[in-house]
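The values are calculated or read from the model by the stated rules, or taken from the named source; none is laboratory data. Here the structure is a predicted model, which means the values were calculated and not measured. Cβ sites come from the backbone with ideal geometry, for glycine too, and all protein chains shown count toward neighbours. Please note that ligands, DNA and RNA were not included when accessible areas were found on the heavy atoms of the full protein model with its side chains. Shrake-Rupley method; radii C 1.70, N 1.55, O 1.52, S 1.80 Å.
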Amino acid sequence: MVKELVVIGGGPAGLAAALSARENGIEDILIIERDVQLGGILNQCIHNGFGLHTFKEELTGPEYAQRYIDLIHENNIDYVLNTIVTHISEDKVITLMSAKDGLYHISAKSIILAMGCRERPRGALNIPGKRPAGIYSAGTAQRLVNIEGRMIGKKVVILGSGDIGLIMARRMVLEGADVQLVAEIMPFSGGLTRNIVQCLDDYGIPLKLSHTVVDIQGDKRVESVTIAMVDKSLQPIPGTEKTYECDTLLLSCGLIPENELSHQLGISMNQVTTGAFVNESLETNVEGIFACGNVLHVHDLVDYVSEESKQAGQSASLYLKGLQNKEGKDIRIVTTDGVRYSVPSTLNVSRMQERQIIRFRVGRVYRDAYVSVYVDDTRIKHLRKRILTPGEMEQVLLRSDELHPFENIDQITIKIEEV
Amino acid sequence: MEERKITCIGCPIGCLLTVVIEKDEITVTGHTCRIGKEYGVKEVTHPCRIVTSTVKVNQGVEHVVSVKTESDIPKDKIFECIQELKDCVVEAPVSINDIILENVAGTHVNVIATKIIERKEDPHG
């Protein structure tokens with residue numbers, strides 16, 4: 001089978017990318033989804049707060065997903081469910097597998113990678129202690145409670161203040177559990193302020209910053225966990241241990257982009273995001289292969305995923321129609337002084353759209369600082385920010401007319417400048 | 001006189017508001033914009049939230065359907081709302097916006113479905 005465009009992943013990124021490619025004139029599109037339904041992680045995010053940017057209203061996750069799924073149906077975009085991609089070759093031959101159709105191949109002219117993330121498991125956190133039942137990643141717990149309708153525990157401790165952990169703290173309380181505390185190893189929360197207020201403060205759940213789990217007790221089921229304060233180098237401080245009785249420990253300690261397929265393809269990867277390096281068109285270093293959404297870098301709002309993926313769909317359509325501008329050179333975007341990374345990581349002035357969004361995250365909390373953009377040694381932007389936090393994705397907008405006056409640009413630098 | 005500390009959720013700054021309630025007068029300090037001041041007043045006079053949860057489904061392809069209150073309800077009605085939803089069972093199929101429960105907890109607000117749950121195919125045909 002030959003397809004013009006194959007989108008791997010039917011979550012918010014894949015749906016928005018496929019739709020955008022169709023709007024830009026690509027007829028022959030296939031979305032490959034491994035779950036039983038489209039919509040990805042949104043299906044289990046039953047809380048509200050999605051879509052304020054995209055639809056100008058506040059939706060729940062399943063409602064946001066359904067808006068896109070309806071558009072996929074209206075546009076007759078093909079998709080397969082219950083199907084997993086096991087391999088992609090450099091000449092874009094995709095190996096797929098499903099219980100219904102067995103193992104088969106599809107040859108694609110262009111591919112959009114939209115596989116999303118998985119959660120960082122206990123094994124990757126090096127938490128000492130026993131290994132009883134009752135330890136879940138927050139997203140797994142969310143799936144069990146919100147989709148499978150099961151209750152997972154009665155007395156809960158949460159490690160990590162990522163958004164899913166905060167959302168699950170509230171959810172567990174509403175389901176009748178006693179949530180004792182959320183411990184966060186860093187001196188700041190990894191989640192959005194509104195989630196700390198509406199999920200923890202509203203229900204009197206304490207958030208203990210600079211604290212982590214140092215021991216887990218219990219043979220068959222978790223019986224208690226020991227929490228200790230950590231010092232500046234994140235090492236537990238002896239004497240600060242406190243033991244909390246509980247039957248459940250939820251881990252909300254970060255998301256890992258699922259890039260096994262990208263590695264097979266020899267795509268060059270960013271060590272900070274663990275996603276691909278992409279240019280302004282969201283194209284990887286392998287021609288005709290694009291990436292968007294959480295597989296590229298972890299987003300805080302789905303609205304930004306949709307916006308970014310729309311661009312990936314547009315870029316793939318230009319590539320397929322042979323309209324991709326081959327002129328100009330890729331200028332490196334250097335991130336320094338508190339800016340951890342940027343997407344894209346290179347920019348071609350002759351190929352960029354009129355408005356190019358550069359997304360990034362900062363490494364710590366800054367108050368009253370500036371986000372500055374330099375073209376070589378010339379500062380072209382100096383934007384004052386009341387606050388910058390690692391939990392929220394930041395962006396700067398570069399217009400092509402701001403860059404046109406410069407000749408032979410060597411690099412663009414984004415940095416935080418404190419007052 | 002009552003004094004309350006509230007974190008504003010108007011934007012990522014998260015100003016720490018101090019709201020003082022004295023007889024009929026409410027004063028907000030610590031805010032840096034209008035949104036913060038209004039939020040502070042609303043939080044101590046009539047705080048409201050949209051409530052989301054799940055409700056059991058019979059004969060559905062999934063066991064539960066996600067639901068939300070159609071608009072925000074008073075914060076002190078949240079647990080009553082959740083309790084009423086626990087006693088609620090609906091029959092598949094369910095569509096988005098289907099009313100699951102009317103006038104939840106006496107708030108005059110309906111609880112509606114936020115997900116499509118199709119009916120499980122009958123094995124006996």
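If you go through the stretch A:221-260 and keep only what is hydrophobic (A, V, I, L, M, F, W, C) and open to solvent by 60 Å² or more (accessible area, probe 1.4 Å), you end up with A:MET229, A:LEU234. Take the conditions (1) open to solvent by 60 Å² or more (accessible area, probe 1.4 Å); (2) in a strand (DSSP E or B); B:GLN83 misses just one of them, which is (2). Checking A:VAL214, A:VAL182 one by one, the residue that is in contact with a Ser or Thr (Cβ under 6 Å, 6 or more places away or on another chain), in contact (Cβ under 8 Å) with a residue 12 or more places away in the chain, open to solvent by less than 20 Å² (accessible area, probe 1.4 Å) and farther than 30 Å from A:THR86 by Cα is A:VAL182 and no other. With the structure loaded, tell me whether B:LEU101 is open to solvent by less than 80 Å² (accessible area, probe 1.4 Å), away from chain A (no Cβ under 13 Å), under 21 Å from the mean Cα position of the chain (by Cα) and closer than 19 Å to A:ASN48 by Cβ or whether it fails that test. Answer is yes for this residue.
Restricting to the stretch A:93-129, and then to whatever is of a type in the set (S, T, N, Q) and surrounded by 14 or more Cβ atoms within 10 Å (Cβ to Cβ), can you tell me which residue is nearest to the chain's Cα centre (by Cα)? The qualifying residue nearest to the chain's Cα centre (by Cα) is A:SER110. Exactly one residue among B:ILE78, B:ILE112 is in a helix (DSSP H, G or I), closer than 22 Å to A:MET168 by Cα and modelled with pLDDT of 95 or more, and that residue is B:ILE78. Residues in the stretch A:155-179 that are more than 17 Å from the chain's Cα centre (by Cα), within 14 Å of chain B (Cβ to nearest Cβ) and open to solvent by 20 Å² or more (accessible area, probe 1.4 Å): A:ARG170, A:VAL173, A:GLU175, A:GLY176, A:ASP178. Taking the stretch A:378-396 as the range and being within 20 Å of the chain's Cα centre (by Cα) and more than 9 Å from chain B (Cβ to nearest Cβ) as the test, the residues that pass are A:PRO390, A:MET393, A:GLU394, A:GLN395, A:VAL396.
Entry remark, the stretch A:130-141: residues being part of a strand (DSSP E or B) and either surrounded by 18 or more Cβ atoms within 10 Å (Cβ to Cβ) or without any contact (Cβ under 8 Å) to a residue 12 or more places away in the chain (or both) number 3 in total.
What do you reckon, is B:LYS68 open to solvent by less than 50 Å² (accessible area, probe 1.4 Å), free of Cβ contacts under 8 Å to residues at least 60 places away in the same chain and either in a loop (DSSP other than H, G, I, E, B) or assigned by TED's automatic domain parsing to the domain that holds B:VAL109 (or both)? Judged against the criteria, B:LYS68 is a match. The numbered conditions (1) open to solvent by 60 Å² or more (accessible area, probe 1.4 Å); (2) under 30 Å from A:ILE127 (Cα atoms); (3) out of contact with any Phe, Trp or Tyr (no Cβ under 8 Å at 6 or more places or on another chain) are all true for A:ASP330 except (2). Every condition in (1) touching a residue at least 12 places away in the same chain (Cβ under 8 Å); (2) within 14 Å of chain B (Cβ to nearest Cβ); (3) touching a Lys or Arg at 6+ places or on another chain (Cβ under 6 Å) is met by A:LEU144 except one, and the failing one is (1).
Out of the residues in the stretch B:47-97 meeting the condition of being of a type in the set (Gly, Ala, Ser) and more than 30 Å from B:LYS37 (Cβ to Cβ), tell me which one is farthest from the other protein chains (Cβ to nearest Cβ). So the residue we want is B:ALA92.
Annotation for the stretch B:2-19: at least one member residue is at the interface with another protein chain (Cβ under 9 Å from one of its Cβ atoms), in a strand (DSSP E or B), modelled with pLDDT under 95 and open to solvent by 30 Å² or more (accessible area, probe 1.4 Å). Contact map, the stretch A:150-168: first residue in a strand (DSSP E or B), second residue at pLDDT below 95 and of a type in the set (A, V, I, L, M, F, W, C), Cβ cut-off under 7 Å, separation 6 or more or different chains; pairs are A:LEU159/A:CYS253. One residue stands out among those in the stretch A:62-92 that are charged (D, E, K, R) and away from every other protein chain (no Cβ under 14 Å): the one that is surrounded by the most Cβ atoms within 10 Å (Cβ to Cβ), which is A:LYS92.
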